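**Q** Below: one structure in structure tokens.
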Protein chains: 2
Amino acid sequence: MSLSPLLDQLERALRCLPGVGQRTASRMALHLLDRDRDRGLHLAQALEAALTQIGTCEQCAVPSETALCRFCADSTRDAGLWCVVSSPADVLAMEHAGLYRGRYYCLQGTLSPLDGRGPEDIGLPRLYARVAEEQPSELIIALPSTVEGEATTFQIQVSLKETVRITRLAQGVPVGGDLGQLDATTLSHALLSRTEVPR
Amino acid sequence: MSLSPLLDQLERALRCLPGVGQRTASRMALHLLDRDRDRGLHLAQALEAALTQIGTCEQCAVPSETALCRFCADSTRDAGLWCVVSSPADVLAMEHAGLYRGRYYCLQGTLSPLDGRGPEDIGLPRLYARVAEEQPSELIIALPSTVEGEATTFQIQVSLKETVRITRLAQGVPVGGDLGQLDATTLSHALLSRTEVPR
């Protein structure tokens, strides 16, 4: 049941947004229609501009509307340090942390044979070619701590260990983490990778 | 901090949606970019179509892209019974309840002198003119149970009580409502409007 076919169509279209179900879509559509038509039209233009013009950086596959992304184009960043991530969101998370000043390499997800995602699908051959070409001094693997992430990390390690120094993010107790709430695997990792307390 | 200016612009534009803050907008933008460009572009078209083509019904001010909305155009509905609501969402709520088979009149909100919303701003003069013209048999007031809603109901009552029979939705205990959780005003209303139990 809806007020008009176009409104109905807008509600269905809004459900492509993650986390937006039928009721939220209906509320959003009526809000835009009733109070915010200008900003709604601006959203339509922004969507079209972003989705038609944003491609990927030719060096590191991070989303970008220019040939080089802002990280590869930034000459103040360390061009020899590459951080391998599995999604653009992880680039944002690393940038948000604020410490990292190198470049990125963005894979299209992680290896998952069950879902039919092999090395080509996530862009591993291209990473290997880029590493052979540019010879970075260090590759920091920052893939998710999941079975798929571990498998992808292993694959990269096997293929590139002769070519480049490979490191990965430390695993351990998160800051503010409560030992009692922590899973056994993380705690074991934290124990094995314990660090010396200076005297 | 964002990956590209266009993505940044899309994230800002997405925040016109109700309930969407910075993190949600960022997640939505990356989701569309990464996995759902086609549906994102479809959303852009649906937004533009709806926001440029939907006007209001010339009889009852319900949003519609045709001169008459689907309720006024439906000859099986009772044209002499009008339900006065303060927003298109309330039309949907009434329709969802499923019992009502009359027409609607949609005001643009409720009277609120503090926010500078007077009778003209919410379309009261037009309602009075339409009532004088069409002479419906009954006006059912279904405005929100707030101070502003009550003030608007009172204003309509004063202006139209000589012209048309005016009723309003019953106030009382909601179905499934727990008396212990109910506010005192609602409970007093329910007590004053108590109904006879058939013997």
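The values are calculated or read from the model by the stated rules, or taken from the named source; none is laboratory data. Given the structure is predicted, the values throughout are model-derived calculations rather than measurements. Counting neighbours? That spans all protein chains shown, and the Cβs are built from the backbone with ideal geometry, glycine included. In case anyone asks, the SASA skips ligands and DNA or RNA and just uses the protein heavy atoms, side chains included. Shrake-Rupley method; radii C 1.70, N 1.55, O 1.52, S 1.80 Å.
**Q** Tally time: how many residues in the range A:1-32 are assigned to a helix (DSSP H, G or I) and either touching a Cys at 6+ places or on another chain (Cβ under 7 Å) or among the aliphatic types (A, V, I, L, M) (or both)?
**A** So the first thing to find is which residues in the range A:1-32 are assigned to a helix (DSSP H, G or I), and the list is A:5-14, A:22-32.
Now restrict to residues that are either touching a Cys at 6+ places or on another chain (Cβ under 7 Å) or among the aliphatic types (A, V, I, L, M) (or both): A:6-7, A:10, A:13-14, A:25, A:28-30, A:32.
Qualifying residue count, the range A:1-32: 10.
**Q** Further question on the same structure: Is it the case that the range B:66-89 has a residue that's of a type in the set (Asp, Glu), within 11 Å of chain A (Cβ to nearest Cβ) and either in a loop (DSSP other than H, G, I, E, B) or surrounded by fewer than 20 Cβ atoms within 10 Å (Cβ to Cβ) (or both)? Can you show your working first?
**A** Here is the first cut: in the range B:66-89, the residues of a type in the set (Asp, Glu) are B:74, B:78.
Cutting the leftovers down to within 11 Å of chain A (Cβ to nearest Cβ) gives us none.
No, the range B:66-89 contains no residue that is of a type in the set (Asp, Glu), within 11 Å of chain A (Cβ to nearest Cβ) and either in a loop (DSSP other than H, G, I, E, B) or surrounded by fewer than 20 Cβ atoms within 10 Å (Cβ to Cβ) (or both).
**Q** While we're looking at this one, here's another question. Would you pick out the residues in the range A:3-36 that are surrounded by fewer than 18 Cβ atoms within 10 Å (Cβ to Cβ), at the interface with another protein chain (Cβ under 7 Å from one of its Cβ atoms) and more than 33 Å from the chain's Cα centre (by Cα)?
**A** A:Asp34
**Q** Right, another one. Which one of these is of a type in the set (Asp, Glu) and under 27 Å from A:Ala46 (Cα atoms): B:Asp121, B:Asp36? Lay out the reasoning, then the answer.
**A** Details: B:Asp121 fails: under 27 Å from A:Ala46 (Cα atoms).
Among B:Asp121, B:Asp36, only B:Asp36 is of a type in the set (Asp, Glu) and under 27 Å from A:Ala46 (Cα atoms).
**Q** Continuing with this model, one more query. Across the range B:1-60, what is the number of residues that are of a type outside the set (S, T, N, Q), touching a Ser or Thr at 6+ places or on another chain (Cβ under 6 Å) and closer than 20 Å to A:Cys69 by Cα?
**A** The number of residues fulfilling the criteria is 2.
**Q** Would you confirm whether or not the range B:37-59 contains a residue that is more than 25 Å from A:Cys16 (Cβ to Cβ), at the interface with another protein chain (Cβ under 7 Å from one of its Cβ atoms) and either open to solvent by 30 Å² or more (accessible area, probe 1.4 Å) or in contact with a Phe, Trp or Tyr (Cβ under 7 Å, 6 or more places away or on another chain) (or both)?
**A** Applying the first criterion (more than 25 Å from A:Cys16 (Cβ to Cβ)) to the range B:37-59 yields B:55-59.
Among the residues that remain, those that are also at the interface with another protein chain (Cβ under 7 Å from one of its Cβ atoms) are: none.
The answer is no; no qualifying residue exists.
**Q** So B:Val62 ticks every box in (1) at the interface with another protein chain (Cβ under 9 Å from one of its Cβ atoms); (2) without any contact (Cβ under 8 Å) to a residue 40 or more places away in the chain but one. Which box is left unticked?
**A** Among (1) at the interface with another protein chain (Cβ under 9 Å from one of its Cβ atoms); (2) without any contact (Cβ under 8 Å) to a residue 40 or more places away in the chain, the lone unmet condition for B:Val62 is (2).
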